[in-house]
Amino acid sequence: MGVSRALLRYLVSLSLIIHAAVTTANFFKPFNVSYDHRALIIDGKRRMLISAGFHYPRATPEMWPDLIAKSKKGGADVIQTYVFWNGHEPVRGQYYFEGRYDIIKFVKLVGASGLYLHLRIGPYVCAEWNFGGFPVWLRDVPGIEFRTDNVPFKEEMERFVKKIVKLMQEEMLFSWQGGPIIMLQIENEYGDIESAYHQRGKEYVKWAAQMALGLGAGVPWVMCKQSDAPDNIINACNGYYCDGFKPNSPNKPVFWTEDWDGWYTKWGGRLPHRPAEDLAFAVARFFQRGGSFQNYYMYFGGTNFNRTSGGPFYVTSYDYDAPIDEYGLLSEPKWGHLKDLHAAIKLCEPALVAADSPQYIKLGPKQEAHVYHVDTNTEGLNLTQYGSQSRCSAFLANIDERKAAVVRFLGQTYHLPPWSVSILPDCRNTVFNTAKVGAQTSIKTVEFELPLFSNISACQQFTVHDEVSYFSKSWMTVKEPIGIWSKKIFSVQGILEHLNVTKDHSDYLWYITRIYVSDDDITFWEEKQVRPTLTIDSMRDVLRVFINGQLTGSVIGRWVKVVQPVRFVQGYNDLVLLSETVGLQNYGAFLEKDGAGFRGQIKLTGFKNGDIDLSTLSWTYQVGLKGEFSSIYTVEENEKAGWSDLTVDAIPATFTWYKTHFNTPDGTDPVALDLGSMGKGQAWVNGHHIGRYWTLVAPKDGCQRTCDYRGPYNSDKCTTNCGKPTQTRYHVPRSWLKASDNLLVIFEETGGNPFDISIELHSVRIICGQVSESHYPPLWKWSQPDFSDGSISINNTTPELHLRCDDEHVIASIEFAGYGTPQGSCQKFSKGNCHAPSSLSVVSEACLGRKSCFVGISNSIFSGDPCHGVVKTLAVEARCASSSNTLGASKL
Ligand code: GAL
């Protein structure tokens, strides 16, 4: 009771502080930001900066504080985000800065947490975001050509960039105003497409730079992947590795705006994973070779809610295999390993900023050292204990992809695993090696899974309903009309371009016409044993063909040819083509010309009198779905839709709406819906659009049984999920839920079984650690006074195994603890030949009931040496449980 009251008081005062900070701004004493060839200069000091990429609309404002706190705890100094033009200006001249688009609140939260912000205004952002962030209305500006020396485009771009800079300034958010913004970005990877625009591309780059600089934002601007970035704009690197990157002027520092720590996913694709060891290697190599600003793209990826996901075919999850997962849970060991890396880099910061450039020392054929010292001449190196102002730090790299190496450096011997970097903040002691992971592993689990409504008899339903309150009473259904559903239709001769008609107000565009089929045609087809065929030169993203109300064919692809045999009856036939977008193109030149839907010739072949050119016919156009435009997914409107009870025998059905109500599971664990039983469509909870869903299955092969961290990474290297649907789980942020009676509405296109939809809680239930005697002492110790004044030596410090459950969870049981030579890996540990009998009791004593704990790795802690002359390891597997369930036992 005492604890919870104190906790409550603490939380209240914390929220008051945050609230005060957020409402009054001025988070820092105003400071200037500039740069030299080595680094950003913040308030007069060069800095080595770790940045965490995190896009505000990919989470809810309620999630932001926790995500920012987790980024800070992970060692970030900076948060980096794009600005999403199409979210902020959905209609030309009508701005929107609320909810997930409340960028001011986001920036203020970053400032309140003491972190800096890198704001990438773009306003083209790519980002696997719909249309690369451009508002779709931008296509309709007369004479416009995007991202080139084009007056209408430049005017629109300048207006938006100005708007954002002015807004930030008004809100006092730039560093010189006491705000967190230390850096901006104009354009995004324009260098990739510049040559397509020839001279006008070059002019555009110059214009964009001048325009940005002319806004007087007072902090540096970057352009990424822009080797012709003008003076006064820093050209930065994006990629999986950026060591060795050279900016286009010796006066510019080496910045890495996008360190791709995972990759995005397409519907029907495998899930990419980037190993923590390789990621840490890339980052360490970057700082080793002179880099000074590095941003993880993404540190938190989040979710493409609504229809914000770009194309072609990007899934709703933007998890990205980032250190913080889509739900806000830490992905371990990635998050923890990087945290250790950041701490190691921070220990080197005094030397890194003091030296203008590193001294290079070749250590072997594929081994090298870079030494940072105020006087970069080795003779001058003062190799006293770290902290005694020696200002010498070194990175030792073994870039051999296969073999470990033993190297000599400044009179000492070092063992370097393959493809790894050792970090020596004092040029002597290794505090971290990128290939040695001391951080815990977390196994994420879906804590419980209950169908929203079970597919069982009515009497059983009642029993279950009484027992488990998450169950809804029923599912209801209503059909979506095929084709025309409103008076807002029009008819013209010919085929109109998809986006010109929909303006992207919906994914769906119905093309409706009639085809007359004569007796002769029927006889012709029967005699020749042929079928008439719909052919379209080129189409994206999804086409569904309906004849006389029946779905007769589907085509999926990006600018693919359609050859779809059809069946007609004698007389008039209704031909309905439904063109669907699944995220607008977000990358490439000439985006404004890309469009969607159909291109080229469109015809019916195989008729007796020759082909029918469908572009000569009159077509009726209907945009969107009836349910969508009558907002039947909202709490206010849904009752009006004429729902009827759904029975099991009525499924599966195509083009159907479903709704039900459900209660929210208790606790704070993130909530997801498992839509794996459905086909393709969209889902809403309490009127919030949780995104598109699509149960497309990844190829059966191409996934690797094991993932070897060694050697250059690419997005196909370590994939999982082969033969399974790419995405079945859809995040429903808790802030969109009420305790009970949440409205879930689903639009299903191809047919699925809503009875099997279930609700899930995501959490980390199992955590493991494995650390040996020969591991490094904990990183935090290096900055302790005892260490820095030399009164404790590194040799007297034991390594530690650290474990931590997620927020609101405590260690409820120790499933395995073995000090000695334990075998196996997380969830498969077993005792080795050497095992200290006290293992379980020592670990239990230290950890049970706690949120986090640590255990030293030494014989004395485990009451003596269980086996002389052998390097001992401690391996632990623990189970986390919600602290509210275990509060009695809690030692918070
Ligand atoms: C980059 C781009 C980012 C993102 C990334 C891939 O080229 O700048 O916005 O699209 O690729 O995730």
Q. Which of the residues that make up the range 577-602 are over 19 Å from Tyr621 (Cβ atoms) and hydroxyl-bearing (Ser, Thr, Tyr)?
A. Tyr587
(Q) Test of understanding: among Gly262, Gly302, Gly268, which residue is in contact with a helix residue (DSSP H, G or I) (Cβ under 7 Å, 6 or more places away or on another chain) and either farther than 24 Å from Asp400 by Cα or within 12 Å of the ligand (Cβ to nearest atom) (or both)? (A) Gly302
Q: Select, from Ile181, Ile233, the only residue that is closer than 17 Å to Gly291 by Cα, more than 16 Å from the ligand (Cβ to nearest atom) and of a type in the set (A, V, I, L, M).
A: Ile233
Q.
For the range 814-863, which positions are free of Cβ contacts under 8 Å to residues at least 12 places away in the same chain and buried (at least 17 other Cβ atoms within 10 Å of the Cβ)?
A. Ala846
Q) Of all residues in the range 112-130 being touching a residue at least 60 places away in the same chain (Cβ under 8 Å), part of a loop (DSSP other than H, G, I, E, B) and over 16 Å from Asp192 (Cβ atoms), which is nearest to the ligand (Cβ to nearest atom)? A) Leu115
Q: Report, by residue number, each residue of the range 209-225 that is of a type outside the set (Val, Ile, Thr), farther than 18 Å from Glu158 by Cβ and within 16 Å of the ligand (Cβ to nearest atom).
A: Cys224, Lys225
Q. Considering Ser227, Ser309, which residue is crowded, with 23+ Cβ neighbours inside 10 Å and touching a Gly at 6+ places or on another chain (Cβ under 9 Å)?
A. Ser309
**Q.** Residues of the range 229-241 that turn out to be in a loop (DSSP other than H, G, I, E, B) and closer than 16 Å to Gln185 by Cβ, as a count
**A.** 3
Q | Where Gly244 falls short, out of the listed (1) at pLDDT 95 or above; (2) away from the ligand (no atom under 16 Å from the Cβ); (3) part of a loop (DSSP other than H, G, I, E, B) | A | (1)
Q | Complete set of residues in the range 262-296 that are surrounded by 24 or more Cβ atoms within 10 Å (Cβ to Cβ) and hydroxyl-bearing (Ser, Thr, Tyr) | A | Thr265, Tyr296
Q. In the range 285-316, how many residues are among the small types (Gly, Ala, Ser), farther than 21 Å from Tyr327 by Cβ and not in a loop (DSSP other than H, G, I, E, B)?
A. 1
Q.
With the requirement that a residue be in a loop (DSSP other than H, G, I, E, B) and either more than 33 Å from the chain's Cα centre (by Cα) or modelled with pLDDT under 75 (or both), what does the range 866-883 give you?
A. Pro866, Cys867, His868, Gly869, Val870, Val871, Lys872
Q) Within the range 131-154, can you find the residues that are in a helix (DSSP H, G or I), out of contact with any Pro (no Cβ under 7 Å at 6 or more places or on another chain) and under 18 Å from Val83 (Cβ atoms)? A) Phe131, Gly132, Val136, Trp137, Leu138, Phe153, Lys154
Q. Taking Thr316, is it under 30 Å from Val555 (Cβ atoms), touching a His at 6+ places or on another chain (Cβ under 7 Å), of a type in the set (Ser, Thr, Tyr) and at pLDDT 95 or above?
A. no
Q: Would you tally the residues in the range 622-637 being in contact with a helix residue (DSSP H, G or I) (Cβ under 6 Å, 6 or more places away or on another chain) and in a loop (DSSP other than H, G, I, E, B)?
A: 1
Q. Out of all the residues in the range 271-284, is one or more more than 21 Å from Lys436 (Cα to Cα), part of a strand (DSSP E or B) and within 15 Å of the ligand (Cβ to nearest atom)?
A. yes
Q: Could you grab the pairs with beta carbons closer than 9 Å, sequence gap of 6+ or different chains, first residue in the range 498-517 and among the basic types (Lys, Arg), second one assigned to a strand (DSSP E or B)?
A: Lys503/Val623; Arg514/Tyr572; Arg514/Asn573; Arg514/Asp574; Arg514/Leu575; Arg514/Ser618
Q. Taking Gly99, is it among the small types (Gly, Ala, Ser) and at pLDDT below 95?
A. no
Q: Give me a count of the residues in the range 418-445 that are in a strand (DSSP E or B) and either over 30 Å from Pro670 (Cβ atoms) or out of contact with any His (no Cβ under 7 Å at 6 or more places or on another chain) (or both).
A: 11
Q) Can you tell me how many residues in the range 169-203 are crowded, with 23+ Cβ neighbours inside 10 Å and either under 14 Å from Ala589 (Cα atoms) or among the charged types (D, E, K, R) (or both)? A) 3
Q) Take the residues of the range 556-591 that are of a type in the set (Val, Ile, Thr) and either within 16 Å of the ligand (Cβ to nearest atom) or assigned to a strand (DSSP E or B) (or both): which is surrounded by the fewest Cβ atoms within 10 Å (Cβ to Cβ)? A) Val563
Q: Run Ala76 past the list (1) within 19 Å of the chain's Cα centre (by Cα); (2) within 16 Å of the ligand (Cβ to nearest atom); (3) buried (at least 24 other Cβ atoms within 10 Å of the Cβ) and report the number of the one that doesn't hold.
A: (2)
Q: Go through the residues of the range 146-168 one by one and say whether even a single one is on the phi > 0 side of the Ramachandran plot and not hydroxyl-bearing (Ser, Thr, Tyr).
A: yes
Q. Given the structure, is Arg147 within 16 Å of the ligand (Cβ to nearest atom), of a type outside the set (Phe, Trp, Tyr) and out of contact with any helix residue (DSSP H, G or I) (no Cβ under 7 Å at 6 or more places or on another chain)?
A. no
(Q) From the list Leu49, Leu67, exactly one residue is away from the ligand (no atom under 16 Å from the Cβ) and within 14 Å of Thr257 (Cβ to Cβ). Which is it? (A) Leu49
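The values are calculated or read from the model by the stated rules, or taken from the named source; none is laboratory data. Since the structure is predicted, the reported quantities are computational estimates derived from the model, not experimental observations. Counting neighbours? That spans all protein chains shown, and the Cβs are built from the backbone with ideal geometry, glycine included.
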